[in-house]
Amino acid sequence: MPITEDQAFLVARATAVDRHGQVVGPVTGIYYDDHTGAPAWVSVRVTGQHTESTRGQDHDQTAAQRFAPLASASYARGRLHLDVTHQQVRDAPTDGDDDHLDSEHEVGLYRHYGLSPAGDTDVDPDTASTARSRADDTHATLLPPAES
């Protein structure tokens, strides 16, 4: 179930976690789709995994702002559960305006996360296309694998 307008206020004060439950960082903003008006992206202050080189440094100095998709995200008890990995968020493109996500940057983000504006997660990040070649035809299905 997508993040609703009613949940947006709560999401703006949430802590983002990745699909494995690892904390990504605090949500710092919500960005709405220009066409639908629905919440579509969040900005997150990504906290790094502390290594020997970052241990003891000021936490804000090792954090970076990144955009993360709200596609397939959910909210519960102060946590925004993203359907992406911590590493994907850390590696997300950084160019863009703090107040508005322009279409060029948004296309780059869709490509980075393997998404399409329609919410299709079967997009080739290299071509930004959902088309498959015959060689890639794996008879995709939404059903779980058959038990053996």
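The values are calculated or read from the model by the stated rules, or taken from the named source; none is laboratory data. This structure is a prediction, so every number in the text was calculated from the model and none was measured. Cβ coordinates were reconstructed from backbone atoms using ideal geometry, including for glycine residues, and neighbour counts include every protein chain displayed. For the accessible areas, the whole protein counts, side chains as well, though only heavy atoms, and no ligand, DNA or RNA atoms are used. Shrake-Rupley method; radii C 1.70, N 1.55, O 1.52, S 1.80 Å.
Can you name every residue in the range 22-45 that is at positive phi and in a loop (DSSP other than H, G, I, E, B)? Within the range 22-45, just 37 meets the criteria. The C-beta contact set for the range 25-37 (first residue within 24 Å of residue 47 (Cα to Cα), second residue at pLDDT below 95 and open to solvent by 100 Å² or more (accessible area, probe 1.4 Å), distance under 8 angstrom, 6+ apart or interchain) comprises 27/13; 29/98. Here residue 94 fits the description: farther than 21 Å from residue 3 by Cα and at pLDDT below 95. Just one residue in the set 64, 8, 14 is surrounded by fewer than 17 Cβ atoms within 10 Å (Cβ to Cβ), at pLDDT 90 or above and at negative phi; that residue is 8. Of the residues making up the range 73-92, those that are in a loop (DSSP other than H, G, I, E, B), of a type outside the set (Asp, Glu) and open to solvent by 50 Å² or more (accessible area, probe 1.4 Å) number 1. Taking the conditions (1) open to solvent by 40 Å² or more (accessible area, probe 1.4 Å); (2) at pLDDT below 85; (3) in a loop (DSSP other than H, G, I, E, B) in turn, residue 48 satisfies each one other than (1).
In the range 97-119, of all residues being of a type in the set (Asp, Glu) and in a helix (DSSP H, G or I), the one that is modelled with the highest pLDDT corresponds to 106.
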